[in-house]
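Peer 1: Handing you this structure, nothing more for now.
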Amino acid sequence: MLSSLVLCLLAPIMEIGVFNALPSLTEIKFQSNEGALISEPILRGTPIETIQKVDHTSEHLSISLYLFITFIFLTRYGLNLFRILKLTRKSSEYIEGLKLVKIEELQTASSFFNYLFIDPKHLMETSYAKSVLQHEVIHSKHWHSLDILLVELLNCVFWFNPFVWLYKRQIRENHEFIADEQVIKSGMDISEYSNSIIYSGNTLAAMPFTSGFNFNHIKNRLIMLQQSRSSVLKRSLKSLLAFTLFAAIFTLSSFKDSKPQLVVVIDAGHGGKDSGNLIEKDVVLQISNKLARYSDHKIKIVETRSADEFLSLSERVNFINQLHPDLVISLHCNASQNTDANGVEAFYYDKNEHRQTSHDYSRILVENQLDQFNDRGELKAAGFYILKNVDVPALVLELGFISNAKDKAILTNDNHQETIAKSLHESLLKIREFKNN
């Protein structure tokens, strides 16, 4: 049970991504070649207006609440562990291989590794003392205290997950079943041992982190003691079923799509001293950053810039060609003196080997944006610098008109930006399917 818990926690992070260590644009050194410099126009826009800021209050509040509650649980964990370790210093003698720690008025006997905490007067009750000693020796030999420490620690970190609490309960109950079974196998009379369990059930719970003889699932323990042993065939079938179920859950949780990962460069246009059309550089950057959060084993999103910085067109092209992705999307916003002009459109380069692929991908991306924007008609061929100079399929996607009131309201709204990013990701999933069929 403990192994399955740990493996289930590790399964989602056991994938090894091929492109997880992609270099950032600033990490790639470009060699200067004065003879090969290409003159590039720098677009200049009007002063930047204020864009609606993202409200992260609820997110920060949730994180703060989680950290506060986790801190309380971890503090309690540390104090309980300190209390147990302090008590172990009182050990004075050995009994049945356990270090005896006598504590007056202790309600029930319990053990922590090879330490037995018990009220001295209970040692005078021969039948009860014999049952307790044999039971706690089993806990010690099986290192049940280590299991408890681990599951309690996981409980402190994943306190919000009800299944962790259920695991904790079942693991402790399973410890008692194991110990009870071993005691009966050693020759202890079942009726006598059952009476000891019932007697211990009238006392308070054991100390934290210890395996207490009076663990409160009395009914379940008595039923387990009285029921007949399953046949070898039944036990084998149950074990096989449990193993198959666990293997299926683990496989599904760590399953990786067999289709190749689609690597996409999102080039947020302009940046830094180049503002583009009005507030274009900020809008496309926000959408690019939101889209990058969808990066996974199916679609790998790589941004040319994730902050407000100026990058020349040649720097962008060199970065893209070194990475050699499956697709390049240059994000922009349009503008016009005609404030009625609106809608989404895409441009591709029609004079290289990738023209048809770029055209098909452009159509998919535009169609998926029509819930937000109007369609401006047929796809357009253009000789933009990036489209002409990258050696992979590429397109320029104009996400509406900043100069149009309706489009601008969509482009500058955080919720709509999230919707645009999500629809772009859905488009990329369609492109991945299209590419692999």
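The values are calculated or read from the model by the stated rules, or taken from the named source; none is laboratory data. What you see is a predicted model; the values in this text were computed from it and never measured. Positions of Cβ are backbone-derived with ideal geometry, glycine not excepted, and every protein chain shown enters the neighbour counts. For the accessible areas, the whole protein counts, side chains as well, though only heavy atoms, and no ligand, DNA or RNA atoms are used. Shrake-Rupley method; radii C 1.70, N 1.55, O 1.52, S 1.80 Å.
Peer 1: Let me confirm something: among L61, L154, L65, which residue is over 23 Å from A179 (Cα atoms) and touching a residue at least 12 places away in the same chain (Cβ under 8 Å)?
Peer 2: Answer to the check: L154.
Peer 1: Moving to a separate point now. Does E105 meet the test of being free of Cβ contacts under 8 Å to residues at least 24 places away in the same chain, of a type in the set (D, E) and in contact with a strand residue (DSSP E or B) (Cβ under 7 Å, 6 or more places away or on another chain)?
Peer 2: No, not satisfied.
Peer 1: Evaluate the range 272-290: report whether one residue or more is open to solvent by less than 20 Å² (accessible area, probe 1.4 Å) and farther than 19 Å from T412 by Cα.
Peer 2: Within the range 272-290 (the criterion being open to solvent by less than 20 Å² (accessible area, probe 1.4 Å) and farther than 19 Å from T412 by Cα), the answer is no, since none of the residues qualifies.
Peer 1: Please go through the range 271-314 and give me each residue that is among the hydrophobic types (A, V, I, L, M, F, W, C) and touching an Asp or Glu at 6+ places or on another chain (Cβ under 8 Å), ordered by number.
Peer 2: L278, I279, L285, A292, F310, L313
Peer 1: Sticking with this one: Within the set of pairs 6 or more residues apart or between chains, which connect a residue that is among the aliphatic types (A, V, I, L, M) inside the range 345-362 to a residue that is in a strand (DSSP E or B) and buried (at least 17 other Cβ atoms within 10 Å of the Cβ) with Cβ atoms less than 8 Å apart?
Peer 2: That search, which allows pairs on different chains as well, returns A346/L395; A346/V396; A346/L397; A346/E398.
Peer 1: For the range 383-398, give me each residue that is surrounded by 18 or more Cβ atoms within 10 Å (Cβ to Cβ) and in a helix (DSSP H, G or I).
Peer 2: Those that are surrounded by 18 or more Cβ atoms within 10 Å (Cβ to Cβ) and in a helix (DSSP H, G or I): I386, L387, N389.
Peer 1: Can you tell me which residue among L397, L411 is closer than 18 Å to V283 by Cβ and in contact with a Cys (Cβ under 7 Å, 6 or more places away or on another chain)?
Peer 2: L411
Peer 1: Ok, one more. Given (1) at pLDDT 80 or above; (2) open to solvent by less than 10 Å² (accessible area, probe 1.4 Å); (3) within 28 Å of L74 (Cβ to Cβ), where does S211 come up short, assuming only one miss?
Peer 2: (1)
Peer 1: Follow-up. Given V284, V265, V328, V317, which one is out of contact with any strand residue (DSSP E or B) (no Cβ under 8 Å at 6 or more places or on another chain) and of a type in the set (A, V, I, L, M, F, W, C)?
Peer 2: Of V284, V265, V328, V317, the one residue that is out of contact with any strand residue (DSSP E or B) (no Cβ under 8 Å at 6 or more places or on another chain) and of a type in the set (A, V, I, L, M, F, W, C) is V317.
Peer 1: Tell me which residues, restricted to the range 277-311, are among the charged types (D, E, K, R), more than 15 Å from K422 (Cα to Cα) and in a loop (DSSP other than H, G, I, E, B).
Peer 2: Residues satisfying the conditions are R305, D308, E309.
Peer 1: If a residue must be under 26 Å from K300 (Cβ atoms) and either acidic (D, E) or not in a helix (DSSP H, G or I) (or both), how many such residues does the range 401-429 contain?
Peer 2: Of the residues in the range 401-429, 3 are under 26 Å from K300 (Cβ atoms) and either acidic (D, E) or not in a helix (DSSP H, G or I) (or both).
Peer 1: Shifting gears a bit: State the number of residues belonging to the range 336-366 that are assigned to a loop (DSSP other than H, G, I, E, B), within 16 Å of G383 (Cβ to Cβ) and of a type in the set (A, V, I, L, M).
Peer 2: The qualifying residues number 0.
Peer 1: Continuing with the same structure: Report, by residue number, each residue of the range 150-166 that is in a helix (DSSP H, G or I) and either polar (S, T, N, Q) or open to solvent by 60 Å² or more (accessible area, probe 1.4 Å) (or both).
Peer 2: Within the range 150-166, L150, L153, N155, P162, F163, W165, L166 qualify.
Peer 1: Output the number of residues of the range 291-324 satisfying the condition of being surrounded by 20 or more Cβ atoms within 10 Å (Cβ to Cβ) and in contact with a Pro (Cβ under 9 Å, 6 or more places away or on another chain).
Peer 2: Residues meeting the conditions: 3.
Residue-wise test of (1) touching a Phe, Trp or Tyr at 6+ places or on another chain (Cβ under 6 Å); (2) in contact (Cβ under 8 Å) with a residue 12 or more places away in the chain; (3) among the β-branched types (V, I, T); (4) open to solvent by 10 Å² or more (accessible area, probe 1.4 Å).
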position: G400; (1), (2), (3), (4): yes, yes, no, no
position: K408; (1), (2), (3), (4): no, no, no, yes
position: L411; (1), (2), (3), (4): no, yes, no, no
position: D414; (1), (2), (3), (4): no, yes, no, yes
position: Q417; (1), (2), (3), (4): no, yes, no, no
position: K422; (1), (2), (3), (4): no, yes, no, yes
position: S427; (1), (2), (3), (4): no, yes, no, no
position: K430; (1), (2), (3), (4): no, yes, no, yes
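Peer 1: Working only within the range 290-300, note down all residues that are out of contact with any His (no Cβ under 8 Å at 6 or more places or on another chain) and within 14 Å of V265 (Cβ to Cβ).
Peer 2: Within the range 290-300, A292, S295, K300 qualify.
Peer 1: Looking at E105, is it at pLDDT below 90, among the acidic types (D, E) and touching a Phe, Trp or Tyr at 6+ places or on another chain (Cβ under 8 Å)?
Peer 2: no
Peer 1: Scan the range 114-149 for residues that are open to solvent by less than 10 Å² (accessible area, probe 1.4 Å), over 18 Å from S194 (Cα atoms) and aliphatic (A, V, I, L, M) and jot them down.
Peer 2: Once the filter is applied, which keeps residues that are open to solvent by less than 10 Å² (accessible area, probe 1.4 Å), over 18 Å from S194 (Cα atoms) and aliphatic (A, V, I, L, M), the range 114-149 yields L116, I118, I148.
Peer 1: Does at least one position in the range 92-110 carry a residue that is among the hydroxyl-bearing types (S, T, Y), crowded, with 17+ Cβ neighbours inside 10 Å and closer than 24 Å to N195 by Cβ?
Peer 2: yes
Peer 1: Kindly evaluate V183 against the criterion of being more than 30 Å from C8 (Cα to Cα) and part of a strand (DSSP E or B).
Peer 2: Answer is no for this residue.
Peer 1: Search the range 185-205 for residues being hydrophobic (A, V, I, L, M, F, W, C) and either open to solvent by 40 Å² or more (accessible area, probe 1.4 Å) or under 19 Å from L150 (Cα atoms) (or both), and hand back the single one that is modelled with the lowest pLDDT.
Peer 2: Among them, the one singled out is L204.
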